[in-house]
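Taken together, the values in this text are just the output of simple stated rules run on the coordinates, not laboratory data. Source: prediction; values computed, not measured. With ideal geometry, Cβ positions are generated from the backbone for all residues, glycine too; neighbour counts draw on all protein chains shown.
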Amino acid sequence: MRRFLHVALLLSLALPASAAQAQSIERVDSVAITVSDLDEALAFYTGVLPFELVSRTEVAGEAYEHLFGVFGLRAEIALLRLGSEKIQLIDYLAPEGRPMPEGSRSNDEWFQHVAIIVRDMDAAYALLRAHKVQHASSGPQTLPAWNPNAGGIKAFYFKDPDGHNLEILAFPPDKGAAKWHQPNPPLFEGIDHTAIVVRDTDPGIAFFKGVLGLEVHGHSENYGPEQEHLNNVFGARLLITSLGAAAGPSVEFLDYIAPTTGRPVPAGSQANDLWHWHVNLATGDIKGLEARLRQAGAGFVSPGVVEMPDDDLHLGRALMALSPEGHPILAFQPTS
């Protein structure tokens, strides 16, 4: 069922009650994006967008091969910050992954984006236009007032040089977290959420809430010409569900009631493929989380918990697993 009728049942099936209530994830640490050329990506994210480069690290070796599920891996990983939120850009020097699928759309199941909060939609859009960014939406959209959970929100989708979708988002005074309504903010403030397409909301809630311990923050059902032009999907009607940890951006489900023509995640997807994103989640109990994931029947990319090198990434012990829709999550128990 798509309208949250069976969430409690799915949660009870996923885990025993005591485990289902565990708050496994302490924070949504960052969102990672596979890119084809790190220098070009950095020029976009720090030149067109105002992300700050925090670190740039080259990694290789057995631990990273096991964690990311890519044999012979050598990669450069850049950590960037905007406000108090972070993203990673990962360039696989070897082996080369596959390009973005032709004609990728916002309802395809590999879709993911990060939503960047802006102080002024018109000014932010004008800046993006000046840099000739590729549109994914026809233009900025203001969601209609009849929708109590989304009315007045302004949003626009665009793409980075590799075709990854990004969003700028402006909240009206009655929407969004208090942190997005502070006086005199910069034009680009930070990251509110990362959005992923799901086939069915309920299994996603069972996984992200029941197994990982995130909390549901809200639901909305969005449709109409504004939503269609935002997503660039004719006839778009979505169930949107937001979940979050105690800290960090939230994770948002986009469940397309219509149209149902979105394509599944390509078979054999790996972390070096250009459509790959993953969410980095910090936990204080990586072995306990591994046990809950296995008990819930989650798919694993890594063989289990991997002991990571003591390097600039400070991953400590980490694993990579898959949500029911095939979206990767990287959970780690940091060294510091």
Q. Once fully extended, how much extra length lies between Arg237 and Ala123, figured as 0.36 nm per residue of separation less the alpha-carbon to alpha-carbon distance?
A. 38.2 nm
Q: For Lys209, go through the lysines and keep the ones whose alpha-carbon is under 26 Å away, minus same-chain ones fewer than eight residues off.
A: Lys86, Lys175, Lys179, Lys287
**Q.** Cβ-placed point charges (K, R +1; D, E -1), dipole of the stretch 112-258 about Cα centre in debye, nearest 20
**A.** 220 debye
Q) Excluding the sites themselves, what is the longest stretch of the chain that contains no chymotrypsin sites (Phe, Trp or Tyr not before Pro) in a DSSP loop with at most 11 other C-beta atoms within 10 Å? A) 235-336
Q: Would you indicate which of (i) 15.8; (ii) 34.6; (iii) 19.2 is the value of mean projected area of the Cα convex hull in nm² derived from the coordinates of this structure?
A: (i)
Q: Note the full-extension length gain between Ala258 and Tyr223 as 0.36 nm times their separation in residues minus their Cα-Cα distance, in nm to one decimal.
A: 11.7 nm
Q: First measure r as the distance between the Cβ atoms of Glu52 and Thr142, then evaluate 1/(1 + (r/R0)^6) with R0 = 30 Å and state the FRET efficiency to the nearest 0.05.
A: 0.50
Q: Could you tell me whether the stretch 127-263 comes out rounded, prolate or oblate from its Cα gyration tensor? Rule is a ≥ b ≥ c as square roots of the eigenvalues, rounded for a/c under 1.5, then prolate if a/b exceeds b/c, otherwise oblate.
A: rounded
Q) Given +1 on the Cβ of Lys and Arg, -1 on the Cβ of Asp and Glu, and no further charges, what dipole in debye does the chain carry about its Cα centre, rounded to the nearest 20? A) 840 debye
Q.
Using the Karplus curve 6.51 cos²θ - 1.76 cosθ + 1.60 with θ = phi - 60°, what ³J(HN,Hα) values do you get for each residue of the stretch 239-251, in whole Hz, with x for Gly and Pro?
A. 8, 10, 10, 10, 10, x, 9, 5, 8, x, x, 8, 10
Q | As computed over the stretch 124-180, the Cα convex hull volume per residue (Å³) | A | 98 Å³
Q. Quick one: Cα centre-to-centre distance for the stretch 133-159 and the stretch 294-336, in angstrom?
A. 34 Å
Q: Taking GluC sites (Glu not before Pro) as candidate sites, keep only those in a DSSP loop with at most 11 other Cβ atoms within 10 Å, then name the longest stretch of the chain containing none of them.
A: 103-336
